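Here the structure comes first, spelled out in structure tokens, and everything after it is commentary.
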Amino acid sequence: MSAPASTPPAEPSTPPRAQARRPALSPSRATDFKQCPLKYRLRAIDAIPEPPTRQAVRGTVVHAVLEDLYGLPQPERGRARADELVEPAWARVLAEQPEIAELHADEGTGPFLAEVRALLDNYYRLEDPTRFSPESREARVEVELADGVPARGFVDRIDVAPTGELRVVDYKTGRAPGPVQETKALFQLKFYALVVLRTRGVLPAQLRLIYLADELILTYTPDSEELDRFERTLGALWAAILEAGRTGDFPPNVSWLCGYCDYKPLCPAHGGTPPVYPGWPQTVGESFEQIEAEAVSD
């Protein structure tokens with residue numbers, strides 16, 4: 001059973017996979033705006049592409065393998081079978097993003113695929129995929145929250161217990177959060193808990209972030225009153241984004257994170273000049289393909 005979704009009607013002449021969608025909040029876009037409004041603008045409105053990184057591509061391949069793995073019958077999900085899925089998953093990702101071949105031009109793909117398999121080793125020490133079957137994999141979720149806040153994203157896995165409880169699972173191939181990143185992780189967990197609650201009418205019993213690099217599982221048990229407060233927080237954040245979209249005022253926020261930002265050359269705080277503000281998009285926003293690509297690259 002797939003998660004019900006509330007989506008805007010498509011234009012009659014627009015193909016389903018290319019239909020334009022209004023801007024919306026996802027965990028990543030909400031984090032972008034809180035971190036730096038200019039970064040949000042350059043990503044979500046100007047849609048200026050960022051160069052692919054080895055870490056992001058590795059995350060995409062690992063997610064693809066785990067999605068394929070859980071599409072197999074339970075007895076066939078052994079460790080060796082997962083290894084067999086690595087190269088086909090890599091080939092599929094490469095076909096969709098030919099430019100990533102440059103990331104491995106010097107050393108070939110051997111060391112990169114070894115990193116993917118090492119993360120899968122870690123995964124098997126955390127969970128045994130032959131013991132259960134998820135209800136959904138890479139579930140697209142989209143809903144309009146209170147105050148008209150459009151929220152969307154992708155959930156890596158939704159498990160349903162025989163007694164009906166829901167568990168939402170998200171795989172992370174990066175390092176587990178330190179003190180600075182814990183707030184971001186908790187924000188993401190609450191976001192998915194709220195979206196699942198509003199789309200399904202069921203409060204998830206547990207949300208789980210699985211950090212493969214560190215073999216660590218971070219869990220969160222949501223509370224309905226807490227999620228109501230969080231929904232109001234998202235409403236205030238979305239109102240701020242809309243106001244910035246109306247005025248075109250997306251100021252940069254200088255922090256230590258600037259050193260890791262691909263948009264630094266365009267930032268006036270660092271001597272750059274951003275492009276002319278194109279205006280708030282009425283219907284054209286990030287496609288689900290873009291949102292999914294970013295969601296699985298973590």
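Can you give me the span-like helices of the chain, meaning DSSP H runs with 18 Å or more of Cα extent along the axis and Kyte-Doolittle mean at or above -0.5? Both cut-offs are met by 54-69, 79-96, 110-126, 179-200, 224-247. For the set Val202, Val143, the ranking by accessible area, highest first and with no ligand, DNA or RNA atoms included, is Val202, Val143 under a 1.4 Å probe.
Computed with a 1.4 Å probe over protein heavy atoms only, the accessible area of Thr199 comes to about 20 Å².
Classify the chain as rounded, prolate or oblate from the Cα gyration tensor: take a ≥ b ≥ c as the square roots of its eigenvalues, call it rounded if a/c is under 1.5, otherwise prolate when a/b beats b/c and oblate if not. Oblate.
Ignoring ligands, DNA and RNA, please state the percent of accessible area on the chain from carbon and sulfur, probe 1.4 Å.
On the way: 7680 of 14480 Å².
Solvent-exposed carbon and sulfur of the chain make up 53 percent of the total.
The lysine pair count for the chain, using Cα distances under 20 Å and pairs eight or more places apart or on different chains, is 7.
Taking all protein chains as they are arranged and a probe of 1.4 Å, the heavy atoms of Arg125 leave approximately 150 Å² accessible to solvent.
Between Tyr124 and Asp262, residue separation times 0.36 nm minus the direct Cα-Cα distance comes to 46.3 nm. In a reduced charge model with +1 at each Lys and Arg Cβ and -1 at each Asp and Glu Cβ, region 98-149 shows a dipole moment near 360 debye about its Cα centre. With all protein chains kept in place, the per residue accessible area of the chain amounts to 49 square angstrom at a probe of 1.4 angstrom.
Does region 68-178 come out rounded, prolate or oblate, given a ≥ b ≥ c as the square roots of the eigenvalues of its C-alpha gyration tensor, rounded meaning a/c under 1.5 and, failing that, prolate meaning a/b above b/c?
Oblate, since a/c reaches 1.5 and b/c is not below a/b.
The values are calculated or read from the model by the stated rules, or taken from the named source; none is laboratory data. It should be emphasised that the depicted structure is a prediction, and the values quoted were computed from it without experimental measurement. For neighbour counting, all protein chains shown are included, and Cβ atoms are generated from backbone atoms with ideal geometry for every residue, glycine included. Accessible surface areas use protein heavy atoms only, side chains included; no ligands, DNA or RNA. Shrake-Rupley method; radii C 1.70, N 1.55, O 1.52, S 1.80 Å.
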